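Student: Before I ask anything, let me first share the structure, which is written out below as structure tokens.
The values are calculated or read from the model by the stated rules, or taken from the named source; none is laboratory data. Computed from a predicted structure; not experimentally measured. Ideal geometry is used to build each Cβ from the backbone, glycine not excepted, and the neighbour counts take in all protein chains shown. Remember, those area values only see protein heavy atoms, side chains included, never the ligands or the DNA or RNA. Shrake-Rupley method; radii C 1.70, N 1.55, O 1.52, S 1.80 Å.
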Amino acid sequence: MWTITENRSWPYLEQTYDWVRDMQDVPQDPVHHGEGNVAIHTQMVLEALQQLPAYQALSAQDQEILWAAALLHDVEKRSTTVIEPDGHITSAGHARKGEGTARQILYREIPAPFHIREQIAKLVKYHSLPLWLLEKRDPLGTIIHAALQVNTQHLALLARADMIGRIALDTAELLYRIDCFEEYCKEHQCWGTSWPFENAQARMHYLRKGDAAPGYVPYKAPAVQVVIMSGLPGAGKDTYVKKHYPQPEWEIITLDNIRSQMKISPTDKSGTGKVVQAAKEQARVCLRSKRSFVWNATNTTHQMREQLIALCLQYDAHVTVVYVEVPYKELFRQNGGREAIVPHNAMQKLINKLEIPDLTEAHEVIYHVR
């Protein structure tokens, strides 16, 4: 069983991890956190979590996942906390930023199995959703979208511990909101599972059409197959493509090859746009002729992938994203063996920005993780 740490004493955690030490110096608004700083709050949350009967009923591994998420849930209040002119203390965006930090810690510093790491990262990202779901403009769309990424049952447990682990006058009200979140998820078939779409086409149609009903099943079949590779440099994308998508059955669009043909250096940022435009034109040719192709590039952020996916969906393509990953140390070893080695600092920046693809983006997502 994977564990984030065998020693759970707070002095040990502070001594071992700088991101735990930082919590001591992060203030919180006394109206919502009368207990004090983030370090005090996090300790109270961990204690509250372990006292919950629903937590005690979980498997040992699920308990560890939730414990790690509770430890990390406010990790980025250190970078987002602001004291407003009126004296109030806010930390807008700490959950979203915390997702990335949790991922980096569990990739670089405390290696966790991929599926465990991503569960923890998503719990950190969505840990306040149970409080505000019913205030969203589209609560059903919000929970369907979230349930494709995170276990809502575990999410409610984390949110409950988060509320119990503080001193505030509105605790009872917010716990009631979590009760409502639980009932809403159960009513809409998203409690501990994702919405039961008929197929991938139905899921993508709902996620892309704001006014669609989740039960609607499109009759139109995909016109062409497109594979979009995703992964850090040196992760093994080229090897995967050669093994699973042989030519001439598949057209391979590789940005590195186009860059080489156009004699544009990888460090030439102004030239990168020309390379991408040339690749997109190749993709359009394939899409118009209904010829299946693979787009082989890093595509390490949602925004990068979305540009390609949106283009492909205009031509009724079935889009599969293949994410390739190797352990942190192996990544740098493989990068060192490449023809075009990515500098160490550049690689670290890519890791910092890494966003893992999921089923909210494409018809299918394949994780090839070693």
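Student: Select from region 102-137 the residues that are over 28 Å from Glu325 (Cα atoms) and either in a helix (DSSP H, G or I) or in contact (Cβ under 8 Å) with a residue 40 or more places away in the chain (or both) and write down the one among them that is most open to solvent (accessible area, probe 1.4 Å). It would help to see each step written out before you state the result.
Tutor: Filtering region 102-137 down to residues over 28 Å from Glu325 (Cα atoms) leaves 128-137.
Keeping just the survivors that are either in a helix (DSSP H, G or I) or in contact (Cβ under 8 Å) with a residue 40 or more places away in the chain (or both) gives 129-135.
Numbers: Leu129: 15, Pro130: 3, Leu131: 18, Trp132: 106, Leu133: 2, Leu134: 96, Glu135: 124 Å².
Selected residue: Glu135.
Student: Among the candidates Gly215, Gly210, Gly271, Gly236, single out the residue that is touching a residue at least 12 places away in the same chain (Cβ under 8 Å), at positive phi and not β-branched (Val, Ile, Thr).
Tutor: Of the residues listed, the single one that is touching a residue at least 12 places away in the same chain (Cβ under 8 Å), at positive phi and not β-branched (Val, Ile, Thr) is Gly236.
Student: Can you name every residue in region 1-11 that is without any contact (Cβ under 8 Å) to a residue 60 or more places away in the chain and either among the basic types (Lys, Arg) or within 15 Å of Glu109 (Cβ to Cβ) (or both)?
Tutor: Of the residues in region 1-11, the ones without any contact (Cβ under 8 Å) to a residue 60 or more places away in the chain are 6-11.
Hit for region 1-11 is Arg8, nothing else.
Student: Identify, by number, the condition in (1) more than 21 Å from Gly234 (Cα to Cα); (2) part of a helix (DSSP H, G or I) that Ala279 doesn't meet.
Tutor: Unmet condition: (1).
Student: Does Asp256 satisfy the criteria of being within 21 Å of Ala346 (Cβ to Cβ), open to solvent by 60 Å² or more (accessible area, probe 1.4 Å) and in contact (Cβ under 8 Å) with a residue 60 or more places away in the chain? Break it down stepwise before answering.
Tutor: Working: within 21 Å of Ala346 (Cβ to Cβ): yes; open to solvent by 60 Å² or more (accessible area, probe 1.4 Å): yes; in contact (Cβ under 8 Å) with a residue 60 or more places away in the chain: yes.
Taking the combined requirement at face value, the residue satisfies it.
Student: With region 6-77 as the region, which helices (runs of 4 or more DSSP H) entirely inside it contain at least 1 residues that are closer than 30 Å to His88 by Cβ and open to solvent by 60 Å² or more (accessible area, probe 1.4 Å)? Steps first, please.
Tutor: Values: elements: 10-16, 18-21, 38-51, 53-56, 60-72.
Of the helices (runs of 4 or more DSSP H) lying wholly inside region 6-77, those with at least 1 residues that are closer than 30 Å to His88 by Cβ and open to solvent by 60 Å² or more (accessible area, probe 1.4 Å) span 18-21, 38-51.
Student: Kindly indicate which of Glu361, Glu330, Glu306, Glu355 is assigned to a loop (DSSP other than H, G, I, E, B), of a type in the set (D, E, K, R) and out of contact with any strand residue (DSSP E or B) (no Cβ under 7 Å at 6 or more places or on another chain).
Tutor: Just a single option satisfies the conditions, and that option is Glu355.
Student: From the list Leu287, Leu359, Leu311, pick out the single residue that is free of Cβ contacts under 8 Å to residues at least 60 places away in the same chain, under 26 Å from Gln201 (Cα atoms) and crowded, with 16+ Cβ neighbours inside 10 Å. I'd like the intermediate steps shown before the answer.
Tutor: Working: Leu287 fails: free of Cβ contacts under 8 Å to residues at least 60 places away in the same chain; Leu359 fails: free of Cβ contacts under 8 Å to residues at least 60 places away in the same chain.
Checking each option against the conditions leaves just Leu311.
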